[in-house]
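*Asks:* Take this structure, written in structure tokens, and hold onto it; I'll ask about it next.
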Amino acid sequence: MACRVLSLRVWFGEILALGCLGLAACDSGAASQLPAHTSAAGSHAAAFVAKPPLPDSLQLTPVPPVAGVPDTLRQAIAQLHQALGPAAADLRPAVLEQACVGYLTLHPTGRIERAGVLAVADMDLPNTTERLWVIDLQAAKVLHRSLVAHGQGSGHLRARRFSNLESSACTSLGFYRTAGTYDGIHGYSRRLEGLDKGENTNVFDRYIVLHAADYASPAYVQQHGHLGYSRGCPALPPGQYKAIISTVRAGSMLLVSGPGLASRWLDGPAAGRRFARRGWR
């Protein structure tokens, strides 16, 4: 797929994006009434997005290992990554570790009802990369991989700023529980519930949801050199959104990872104990 490899055209597209953004509205309160290519309303949003952004670097932010992960679990995650094969080549091992530790910590609490399936989006990767994976842990298989958009307030080629605030137009980092589906202004969509207090707990009220968007498609990348931008939603390609939304049915876990991720669910010792008892089940 052409969008997986960054070209010089994409790099120059990043620079051009500083002066010309393809903005698109998402399902979020008053923002759902805004047409595409409209900036966020409200004084906070105006102050937030008016700051001139620094050019995005293509060098990724290092991801520290999760503290306290037992060697047995760390080895199991490494084996999982290898078994996932070429479809997970761009999924950084440290980000997969975050997702696995969070899944193992959350599942016993009852917040995540669906066992064995997780989704992870690495928003530090350029938005020209297929940076969303849906993984079957027990089968060690990538079920879906796709492009995914980040919020206009979070950056351009890469997401660099994150917020839990209403009207920020930002992506929110952290662990999510998938909720029910509905037909909204973007068609078939799935609601999300944030599980990290102070980081993403406003996403349900902000109508941060999984939905399709033309600006999240490979064709948009080919034309503009980068994806367009949502109001904070992890928007999906029109050709893949139905299959992805159906797979991550209610009660599944989604991790939105990026620079500065901090979560109470990144509990290495608790994850190790859970894995020792039940594996990925």
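*Asks:* As a test of the definition: which semi-axes, in Å, follow for the range 157-251 when you take the square root of five times each eigenvalue of its alpha carbon gyration tensor? Largest first, please.
*Replies:* Values: eigenvalues 89, 63, 22 Å².
Rounded to whole Å, the semi-axes are 21, 18, 10.
*Asks:* To continue, here is another question. Per the Cauchy relation, a quarter of the hull surface: what is the mean projected area of the convex hull of the alpha carbons in the range 122-165, in nm²?
*Replies:* Seen from a random direction, the Cα hull of the range 122-165 projects 3.7 nm² on average.
*Asks:* Which shape class, rounded, prolate or oblate, goes with the range 125-193 when its Cα gyration tensor gives a ≥ b ≥ c as root eigenvalues, a/c under 1.5 marks rounded, and past that a/b bigger than b/c marks prolate?
*Replies:* oblate
*Asks:* Principal axes first, then extents: for the Cα atoms of the range 83-171, list largest minus smallest coordinate on each axis, whole Å, largest first.
*Replies:* Here the spans come out as 37, 33, 19 Å, largest first.
*Asks:* Could you order peptides 113-120, 151-158 by the average number of other Cβ atoms within 10 Å of their residues, highest first?
*Replies:* Going from most to least packed, we get 151-158, 113-120.
*Asks:* Based on the alpha carbons, how large is the Rg to Rh ratio for the range 205-252 when Rh follows Kirkwood?
*Replies:* 1.02
*Asks:* Separation of the range 176-197 and the range 91-136 by C-alpha centroid, Å?
*Replies:* If we compute the Cα centre of each part, the gap is 16 Å.
*Asks:* Quick one: which of 231-243, 176-188 comes out on top by average Cβ neighbours within 10 Å, and what's the full order, highest first?
*Replies:* Result, highest mean Cβ count within 10 Å first: 231-243, 176-188.
*Asks:* If one computes P(r) from the Cα atoms of the range 88-128, what percent of pairs lie at distances over 12 Å?
*Replies:* The answer is 63 percent, as a whole percent.
Values quoted throughout were computed directly from the atomic coordinates according to the rules given, and no laboratory measurement underlies them. Everything numeric here is computed off the predicted structure, so don't read it as measured data. Positions of Cβ are backbone-derived with ideal geometry, glycine not excepted, and every protein chain shown enters the neighbour counts.
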